[in-house]
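Since every read-out is calculated from the coordinates, none of them should be taken as a lab result. Treat the numbers as computed from the prediction; the structure is a model and nothing was measured. Backbone-built Cβ (ideal geometry, glycine too); neighbour counts: all protein chains shown.
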Amino acid sequence: MEIKVFGVVGAGQMGRGIAQVAAQSGLEVKLLDATKELADKGRGRIVSTLDRLVDRGKMEASERDAIAGRIEASSDYDLFAQADMVVEAASESIEIKQEIFRRADRAMQKDSGILASNTSSISLTKLAAVTGRPDRVIGMHFMNPVPLMKLVEVVRALQTSDETYDRVMGLGSVMGKTLVTTKDMPGFIVNRMLIPFLNEGCFALQEGLGTADDIDQAAKLGLNHPMGPFELADLIGLDTVLSIGEVLHREFGDDKYRPPAILRNYVAAGWLGRKSGRGFYYYDEKGQRVAR
């Protein structure tokens, strides 16, 4: 069964990226957030991104208009009545995600409709259990920024059917993504490796081993990473990094996942990275790094 109507819950950084890629792939996109204002703002930022592609000669204006025309924004879950699939891209909180799944499940009228989560650490099996369609629940963990990053981790819940898995793998290919399949275990593949790396960078900074810039340069030039740990953490969002670390530490009981005090303090101060204008570095309104 072909997926044509694609819902996204969350018009933030990840949700916008997923919605943009879906619309560029020819899907009819339904973008939802807590308020109509937030949903419209998210859609507007997608259009602004497409405008920049037109300005750079990487997209025709007619293509931009067609893509934008396939994105509808709302705060009403009835938007998902005819959705073939809905992907949740909200905060990394199991309570928030479970409530979204309950509401989307009730709103979707198609028995074949799939519910997916972009979670980077939370159990898909637990999310599936609160729905009336557990066999049609799956994880699609996109990487940030979604339009540029090729990888998607496909996470099978204990209840996920082969049909659901096959349909999602097909959709990922349509979106131009490279798909890897992982078990439903905390952190999956990418964050299982990433969080200890980010944590160790924070511990090194906390201990005065070097400045944030020193440590980032060492990672980029010594390990051949495209971004250092602090540049990457600021891009992801320090609150998200902290939430993932807390989940992994709680679920595995392994201290290599324990969040450093400096990370907790930055989040407590509201220094969340690019999205707040300050994290380990400072950023302007466009998310570009600036000196302070």
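Tabulated results
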| item | result |
| --- | --- |
| For region 140-169 versus region 41-110, the gap between their alpha-carbon centres in whole angstrom | 17 |
| Charged-residue dipole, Cβ positions (Lys, Arg, Asp, Glu), region 37-139 about Cα centre, Debye nearest 20 | 220 |
| Neighbourhood net charge (11 Å Cβ-Cβ; Lys/Arg +1, Asp/Glu -1) for Gln24 | +1 |
| Stokes-Einstein D in µm²/s, Kirkwood radius over Cα pairs - the chain at 10 °C with 1.306 mPa s viscosity | 81 |
| Size of charge dipole - region 159-292 - debye, nearest 20, with Cβ of Lys, Arg +1 and Asp, Glu -1, no other charges | 260 |
| Pairwise centroid distance, computed over Cα atoms, of region 200-225 with region 246-271, Å | 18 |
| Antiparallel bridges, percent of DSSP beta bridges restricted to region 5-182 (to nearest 5) | 15 |
| Extreme residue, positive dipole direction of the chain, given options Thr178, Leu127, Met149 (C-beta unit charges) | Met149 |
| Taking the chain and dividing mean pair separation by its residue count, relative contact order in percent (alpha carbons under 8 Å, at least six apart) | 13 |
| Region 179-243: trypsin sites (Lys or Arg not before Pro) in DSSP loop, at most 14 other beta carbons within 10 Å | Lys183 |
| Peptides ranked, highest mean first, by Cβ atoms within 10 Å: ranges 168-179, 26-37 | 26-37, 168-179 |
| Fully extended contour minus Cα-Cα distance, from Phe203 to Ser93, at 0.36 nm per residue | 37.1 nm |
| Candidates Ala22, Ala81, Ala219, ranked by Gaussian network fluctuation over the chain, Cα under 10 Å, top entry | Ala219 |
| Helix-only [θ]222 nm of the chain, DSSP H runs n ≥ 4, -39500 (n - 2.57) each, per residue, nearest 500 | -14000 deg cm²/dmol |
| Size of electric dipole in the chain: Cβ of Lys, Arg +1 and of Asp, Glu -1, about Cα centre, debye, nearest 20 | 180 |
| Contact order normalised by residue count of region 142-292, Cα under 8 Å, 6+ apart, percent | 17 |
| Entries of Lys220/Lys286; Lys30/Lys256; Lys36/Lys183; Lys256/Lys286; Lys150/Lys220 with Cα pairs more than 31 Å apart | Lys30/Lys256; Lys36/Lys183; Lys256/Lys286 |
| Segment Gln82-Asp214, length gained on full extension (0.36 nm per residue, minus Cα span) | 42.4 nm |
| Fluctuation leader among Asp216, Asp255, Asp78 - the chain, Gaussian network, Cα springs under 10 angstrom | Asp255 |
| Computed lengthening from Val174 to Thr49, 0.36 nm per intervening residue step minus Cα-Cα distance | 42.9 nm |
